[in-house]
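The values are calculated or read from the model by the stated rules, or taken from the named source; none is laboratory data. Not measured: the values here are computed from a predicted model. When we count neighbours, we look across all protein chains shown, and the Cβ atoms used for this are built from the backbone with ideal geometry, even at glycine. Calculation scope for accessible area: heavy atoms of the full protein, side chains included, ligands and nucleic acids excluded. Shrake-Rupley method; radii C 1.70, N 1.55, O 1.52, S 1.80 Å.
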Amino acid sequence: METFHIHVNGIVQGVGFRPMIYHLAKKLNLKGYVKNDSNGVNIFFNASASEAIGFLKRIKLAAPAKSKIIAAELFRVPDQIYFDFTIRVEDNKASGKQVLLSPDTATCPNCLAELNDAKNRRYRYPFITCTECGPRYSIMNSLPYERHNTAMQAFTMCKSCRDEYKDINSRRFFSQTNSCTDCGMKLMLYNDATTIISTDTETILSRIKNNLQQGEIIAVKGIGGYLLFCDANNAQAIRTLRARKYRATKPFAILYPGIKSVQRSFELNDQEKELLKSPAAPIVLLVPKPWALNELAVKEIAPGLQQLGVMVPNNPLLELIGNDFGKPLIATSANISGSPIVYDDDDALNYLFDIADFVVSNNREVIIPQDDSVVQVSKYTHQQLIFRRSRGYAPSFLDYRPKTNQCILSTGAFLKSSFTLSVNGNVFVSQFLGSAESFESQQMYRQTLKYWLDMYEAKPKIIVTDMHPGYFSHKYAFEFAEKFDAKVKLIQHHEAHFAAVLAENKLIKKEEPVLGIIWDGTGLGTDRNIWGGEFFKYENNQMDRVNHFNYFPTIAGDKTALEPRIAALCILAESEHQPSGLKEKFTIAEFNNYHALIKNANLFTSSAGRIFDAVASLLGLCDKQSYEGEAAMYLQRAAALYVDENAFNMDGSYIKEWEADGPVPTAIMIRNILADVASGKSTYYIAAKFHYSMVCLIGGIAERLSINHICFSGGVFQNALLVDWIKTKYANKYQLYFHINLSPGDENISFGQLVYHESGMKS
Amino acid sequence: LGHGSGGTLTSQLLDAGVFKLLENDLLNKKHDGAIFNLSGKVALSTDTYVVSPIFFEGGNIGDLSINGTVNDLAMCGASAKYLTLGFVLEEGLKMTEFWEVLLSIKAACDVAGVNIVTGDTKVVERGKGDKIFINTTGIGIMHPKANIDAENIKTGDKVILSGPLARHGITIMSHRQGLQFESTISSDTRPLNKIVLSLLDEFGEKIHFLRDPTRGGLATVLNEIATDARFGIDIIQKNVSVEEEVIGACEMLGLDPLYVANEGLFVTVVDPTVADAVLSRLKEWEYGKMASIVGEITTDHPRQVIMKSLIGGRRVVNMLPGEQLPRIC
Ligand SMILES: [Fe+3]
Ligand SMILES: [Mg+2]
Ligand SMILES: [Zn+2]
Ligand SMILES: [Zn+2]
């Protein structure tokens, strides 16, 4: 009989790992103990060498579904005799922390059953959880995952809860979030910032139900912060919500009571169904059936769009609210447009009464705020596209092994900010941290980063950031470098996008060359122009920009991005005759002024995003956008309507040929589009043919360069129709690679920056 | 205007024109330099004016070059006394244009109550200049009660802006790019010495800081103040006045008025006990009707300027990194 130590790291805390070990040890009749520390899970036990090896194997096999083992190692240690097998809780702050935080998890079926079982002691308890489900990342203060390190430390378990916690046969054995009506969190109903009118769950729930029915807007504290709810079939309530949030047309997500009701109203394939039901429980973009129009004020929810963002309850409180109301609800992060989600109770009470008629809070602190994640499955080729990676997905690490243990921080881009941290040989990508122009978002970014650095006792030696001097992330990198005495390294925006998709698909060491199709709105290029429609070749760790959309002028600042009609004017600046109708989009003064500005422009862009905008404007779909990507979404919808009728059959491309080594002739494409507009071709056809032309470019360039592997990144690839068309046309001919766990948009930039630097890429 | 070989033309000009027009006792002595007595603490400031176009709505390079230096002295808490005036003229400049500039210089000196005491004129070949460049250097006597120093700024101090933003920058930009707006927008160039000195008379040391938000606009000045004073500044957008037509122009051009240049405005950071009194004094001044308390010094977010926006969120107002590169995707 010898003494052994098994060390397991990865996502092994908050996922039921210790109870599993405990059960296994009891079954094998091993004596010893298991404990969490900041490096993972450690098991010390008495066994023979062969028993020990067997134990290790069985641990790997029995690992809980939500865990992820990175390494499991067996060591011989000095002899020690144990008389029982126990779970030990110690506050051990070892250095070189390695354990990975686990994401928040939606209510599991067992807890749901109990929630709805009138005989269960947690019947309608809005915070029911078990070792399988509940908040994790959002309530973690520090490592390791023990109750006293979470927001649960404020609540002392009652006798019944404690008994469950100690009972190895209970689902709540060692459940750190364990609580019940007697000992757990309480709802609080505020009528104004200082008056609590009720703390009784049933009173509050019935008040929520009744007032939602009356068309009121209600703020409720969820897992990652406060959410706003109103009746999704009450157009007036939604208009009021838009006015109070200063949110003109950007679509709202809808909460359905459950999968069944979603299925009744939406086309739902298996993949989409799995996503809705998954532990991450994201918002999924779905196409409504005609029937859904009876229960949804669609025009107010998502003006001009085909798809709606749908979710089902991801926590017991939403389960109760959704089911009591019985019909779809608007569910949106509580904030003023452009600010991050409100999660602090004082902020909620100070600000939310401007939007909500009343506020339902609770007395558990949100430590890490998160928005709901947003995902889509493309209609034809079922490509999963992540639009926003937050609650449920963050902060799961990415399967990318850095070469060294050196601490590297990369600070990301501007809108859709995120950061990536490499520490102790693991790479973490933060959740979506909001648009970094707002002070609140910057604060959230700083706080979240500080939290991570503290959690892992990390001191970055190198800080990687975007070249653009106007980005918050760029300034912050320099500020931080001073603080940590670190070096700053600048990476070009689109090269970072490319590096991100290469790494996600494990192509960094690929022998053969890889083509990178990197299309987005704006990024500062190495030639001081504004890039955005880029073609790169990657080979031997070297990236070369092999082509781009031909430059066109753009006016300074963000005006061109905000107004597709200006993008159209910019692209047509050098053209002889401007199409009829273009001038009419402007007042005379506007037209003359923009014309003058474009003529004198000293900024030029290859932005693919602006090309989509311009085409949307020329087709009369959108002249000014009130949210990012709005015009492109209308254009996508128009093209999708063509494809619905004609599948992916198209009579040709708007770009037939172009000079061998020249850039993609943007102007010729636009001229051909205008000719079709002038000859009265349908908008749907033109929109589709434009999509197809963009698709053809990809094959054209791949063929010229004889490259067989093609990667896609950049915000343009949030366009599911474009992705479907690419896959339909090329899946048999080329190896195609899309993002897997990250959004194709700027949320992936921080990861790409880190990869580019860490893997020693050159360009 | 011809290139003065051996300076014949130049000296002719000086004798016949400049001297006569700008005459005063010191200038009339025609020494190589001006000789005069000054007592007490003085302030000295210089600036070179290269604005293009040289004529614009509301002024020209001439009055701009006088007001600019007078105002820089005023921002030190000094009353401008004497100015030097240096011209670099490009061959080909029309005499009538030169005279018009000179007349504005004269008029601006009279309004501000300063004298040009020495000067210089050079003519350069065509293409080596841009019509007219002007340098002015001014010397002023410090107001006895003035104590203008970023070190005096403390938390709770109020930040006051003397009038509406962005007129000068929009005016110049419209001329340069050939832009037109519904109603004409004119530069706000004007001397600020009298109003500033009267504030110093009345409020003395309670005026902690003064600066004119010229190039880079209000945003730049506030960031400089925040950095120098090592405090944060909270600004309320609702209180920052911008005229209707200027808002319209900025919106059309995608410009943020906070970053657009001004010529006849100042920002003052004052003790909270006198803030309301300073504001009412400013409102009595003919250009101060739209003066307002725009914000406050705070210990939160040191070195950062944060603006509470019209719709409630808060925005970080950064120093502009050179040109306005597009950022949003
Ligand atoms: Fe991008
Ligand atoms: Mg100056
Ligand atoms: Zn559960
Ligand atoms: Zn309990």
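Taking the Cα centre of the protein assembly as shown as the origin, how large is its charge dipole in debye, to the nearest 20, when only Lys and Arg (+1) and Asp and Glu (-1) carry charge on their Cβ atoms?
Dipole about the Cα centre, nearest 20: 3200 debye.
Could you let me know the centre-to-centre spacing of region A:657-715 and region B:248-315, using Cα atoms, in angstrom?
Using only Cα atoms, the two centres lie 49 Å from each other.
Taking only C-alpha pairs under 8 Å that are 6+ residues apart, what is the relative contact order of region A:2-88 in percent?
50 percent
If you build a Gaussian network model of chain B, linking Cα atoms that sit under 10 Å apart, which residue out of B:T137, B:T96, B:T46 swings the most?
Of the options given, B:T96 has the highest mean-square fluctuation.
Out of the DSSP beta bridges found with both residues in chain B, what percent are antiparallel (nearest 5)?
Expressed as a percentage, antiparallel bridges in chain B total about 75.
With each run of n ≥ 4 DSSP H residues scored as -39500 (n - 2.57), what mean residue ellipticity at 222 nm is computed for chain B after dividing by its residue count and rounding to the nearest 500 deg cm²/dmol?
Here the helix-only value at 222 nm equals -9000 deg cm²/dmol.
Taking GluC sites (Glu not before Pro) as candidate sites, keep only those in a DSSP loop with at most 14 other Cβ atoms within 10 Å, then name the longest stretch of chain B containing none of them.
Here the longest run is B:183-285.
Just want to confirm a number: the relative contact order over chain B, from Cα pairs under 8 angstrom separated by 6+ residues, in percent.
21 percent
Tell me which lysines have Cα within less than 18 Å of A:K489's Cα, excluding those fewer than 8 residues away on the same chain?
Candidates past the 8-residue exclusion: A:K403, A:K459, A:K461, A:K475, A:K762.
If the cut-off is 16 Å between C-alpha atoms, which lysines fall inside it for B:K106, apart from same-chain ones fewer than 8 positions away?
Here the lysines satisfying the reach criterion relative to B:K106 are B:K20, B:K81.
At q = 0.05, 0.09, 0.10 Å⁻¹, what is the log10 ratio I(q)/I(0) for chain A, with the Debye formula run over Cα points and no solvent?
Debye curve over Cα of chain A, log10 I(q)/I(0) at q = 0.05, 0.09, 0.10 Å⁻¹: -0.27, -0.87, -1.06.
Give the separation of the Cα centroids, region A:37-69 to region A:555-613, in Å.
Answer, in whole Å: 63.
Leaving out ligands, DNA and RNA, calculate the buried accessible area for the pair A and B with a 1.4 Å probe, summed over both sides, in Å² to the nearest 100.
That pair hides around 3300 Å² of surface in total.
Residues of A:435-446, mean number of Cβ from any other protein chain within 10 Å of their own Cβ, rounded to a whole number?
4
Could you list the GluC sites (Glu not before Pro) in region A:230-307 that lie in coil according to DSSP, counting only those with at most 13 other Cβ atoms within 10 Å of their Cβ?
A:E267
Counting only other chains, what is the mean number of Cβ atoms within 10 angstrom of the Cβ of each residue in peptide A:327-340?
If you average over the peptide's residues, the count of other-chain Cβ atoms is 2.
If contacts are Cα pairs under 8 angstrom and at least 6 residues apart, what is the relative contact order of region B:5-142 in percent?
39 percent
If amide hydrogens are placed 1.01 Å from N in the peptide plane, which non-local residues have theirs closer than 5 Å to the one on B:R190?
When sequence neighbours closer than 5 places are left aside, the close amide H contacts are B:G264.
Could you do me a favour and compute the accessible area per residue for region A:10-86, 1.4 Å probe, result in Å²?
Value returned for region A:10-86: 45 Å² of accessible area per residue.
If you take each beta carbon of peptide A:560-567 and count the beta carbons of other chains within 10 angstrom, what is the mean?
That works out to 2 on average.
Hey, can you grab everything whose amide H is under 5 Å from the amide H of A:G516? Only 5+ residues off in sequence or another chain; H modelled, so Pro and N-termini drop out.
Answer set, sorted by chain and number: A:F536, A:K537, A:Y538, A:C711.
Name the shape class, rounded, prolate or oblate, that the alpha-carbon gyration tensor gives for region B:74-204, where a ≥ b ≥ c are the square roots of its eigenvalues, rounded holds for a/c under 1.5, and otherwise prolate holds if a/b is larger than b/c and oblate otherwise.
oblate
Which Cα, out of B:V316, B:G217, B:S241, lies furthest along the positive dipole direction of region B:150-317 (beta carbon charges, K/R +1, D/E -1)?
B:V316
Assign one of three labels to chain B, namely rounded, prolate or oblate, based on the Cα gyration tensor with a ≥ b ≥ c the square roots of its eigenvalues; rounded applies when a/c is under 1.5, prolate when it is not and a/b is larger than b/c, and oblate otherwise.
oblate
How many percent of the accessible area of the protein assembly as shown is carbon or sulfur, using a 1.4 Å probe?
It is 49 percent, rounded to a whole number.
What angle do you read, to the nearest 10 degrees and between 0 and 90, between the alpha-carbon axis of helix A:630-646 and the longest principal axis of chain A?
80 degrees
Name the shape class, rounded, prolate or oblate, that the alpha-carbon gyration tensor gives for region A:35-159, where a ≥ b ≥ c are the square roots of its eigenvalues, rounded holds for a/c under 1.5, and otherwise prolate holds if a/b is larger than b/c and oblate otherwise.
Prolate is the answer for region A:35-159, as a/c is 1.5 or above and a/b outweighs b/c.
If the reach is capped at under 24 angstrom between alpha carbons, list the lysines near A:K159, excluding any in the same chain fewer than eight residues apart.
A:K35, A:K119, A:K186
Over region A:221-364, with the other protein chains present, what is the accessible area per residue in square angstrom, probe 1.4 angstrom?
34 Å²
Based on the mean of other beta carbon atoms within 10 Å per residue, what is the order of A:281-293, A:156-168, A:555-567, most packed first?
Order by mean packing, descending: A:555-567, A:281-293, A:156-168.
What is the ratio of the Cα radius of gyration of region A:2-88 to 2.2 N^0.38 Å, where N is its residue count, to two decimals?
Dividing the Cα radius of gyration by 2.2 N^0.38 Å gives 0.97.
Please work out the Cα center distance from region A:292-340 to region A:208-255, rounded to the nearest Å.
Cα centres, region A:292-340 to region A:208-255: 8 Å.
Among DSSP beta bridges whose residues both lie in the protein assembly as shown, state the antiparallel percentage, nearest 5.
Just about 70 percent of them are antiparallel.
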